[in-house]
1. How large, in Å, is region 86-221 by the Kirkwood hydrodynamic radius built from its alpha-carbon pairs?
2. Ranking V215, V193, V328 by Cβ neighbours within 10 Å, fewest first, what do you get?
3. Between the helical axis of 225-250 and the dominant principal axis of the chain, each derived from Cα atoms, what acute angle in degrees is found, rounded to the nearest 10?
4. Within 10 Å, count the other beta carbons around each residue, average over each peptide in 390-402, 149-161, 13-25, and list them highest first.
5. What's the long-distance tail for the chain, i.e. % of Cα pairs beyond 38 Å?
6. Starting from the Cα of R10, move 7 Å in the Cα-to-Cβ direction to define the label point; list residues of region 392-414 whose amide nitrogen is under 13 Å from there.
7. Between L131 and S93, what FRET efficiency comes out of the Förster formula 1/(1 + (r/R0)^6) with R0 = 25 Å and r the beta carbon distance, rounded to 0.05?
8. So, in nm, how far is label H368 from label V171 when the simple model puts each one 7 Å beyond its Cα toward the Cβ?
Amino acid sequence: MSGDIPAQGRIAALDVLRGVAVMGIFSVNVIGFAMPDAAYLNPAAYGGAVGANLVLWAVNFILVDNKMRCLFSALFGASLLLVAERAEAAGLSAAGVHYRRMGWLLVFGLAHFYLVWDGDILSLYAPVGMLAFAFRRLPVERLLSAALVFLLVDAAIMGLLWHAFAAGEAVASRPGASAAIVAQWHQDAENLVPPLPADFARDLALYRGGWLGIVAGRLHDNLAGPLVNLAIVGPQTLGLMLLGMAGLRSGFLTGAWQPARYRRLLRTGLAIGLPAHAALAFWTWRSAFSASAVFGSYFLWSVPFYYLQALAYAAGLILLARRGGAAVTRVAAAGRTAFTNYLGTSLAASALFFGWGLGLYGRLDRLHAWLVVPCLWAAMLLWSKPWLERFRYGPFEWVWRSLARARIEPLRRA
């Protein structure tokens, strides 16, 4: 999110990276709009796990899942540092500017979470961004060390959760396991296993119903969701933001390194990351998408590989940003309006899939639901550049900036 960075001071590489990340994130998020939660991680839960549906799951797992989220989180940290430094250079209070931005971002995030879609990340980024601000003056080496600590904490949390899931799955799968044990297992692993018939029917009725019913159901079932996300995913998100700060301060994210260094990172990251993710996808499929395999593949075993792959993507995109061209300009414009594009895709997908709109929820398989993605990608690329030729900021960027500064900011270009 970059709503407070003046257009005349933009860093092209950051905008290109942000544009690709916001587009890539929707490639996996669309499943969360189109069908029950468990389908997001487990194609066998809903949406199809054979043929083209299986191929689409594998492609997203290998190329997109977690990598784009890593990029987005790191870029948020870089933008946080950039805004603070520019505020200080302008004689403003960096802390005042930062915490007003994060406070309003939290408002946006909570509204998005409860009123639109509970897969929101803004309500996570805002409080983590408040914490990340304390690290802004550290040199690159200490930023990297602090990031490593938080990433190791995340690995420990995910290891403990995986162990708990694997143990619960083993107990529930034993011959003669009681109905109570099986029911408890389904409750504990509801986002990893196919939903029970009664739960599935309730889910379909809820999301094919009206908006007020969806919001009421979300408040009832997931009221503490933002706090749970912060506790579980917060350490990794903070570590990634610190990596983004280090990337900005070291010159990596600004394109200041020699091309040979970027090419070396690109080759190394892809050479390690792609085969590792392909092997994990194959193993998860061969395990018949057991809950422990699905959780381990997404949140534990793949972690070092998707860090490397995200780094490779960043290096490759920075090289492309240097070349420029019409396509790069379009993607950069989508990155400059990433806040609007992120919220806009949520509003569009909700209107397509939920009952207050077209009501396609649960009616499409994985492939056909995903076909919405290239349509919204095209929309992002088509509207962002012409809009920015006339206006200084995207619509939501302008609202966020005006709220954070407690005044109506100029929107139209002179």
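Nothing in this text is a laboratory measurement; each read-out follows from the coordinates by a stated rule. A quick note: this is a predicted structure, and the numbers were derived from the prediction, not measured. A quick note on method: Cβ atoms are made from the backbone with ideal geometry, for glycine too, and the neighbour counts reach across all protein chains shown.
1. 19.1
2. Result, fewest neighbours first: V215, V328, V193.
3. Result, in degrees: 40.
4. Going by the mean number of other Cβ atoms within 10 Å, highest first, we get 13-25, 390-402, 149-161.
5. 19
6. Once the point is set 7 Å along Cα→Cβ of R10, 392-395 turn out to lie under 13 Å by backbone N, inside region 392-414.
7. Calculated transfer efficiency: 0.85.
8. The modelled label-to-label distance comes out at 4.1 nm.
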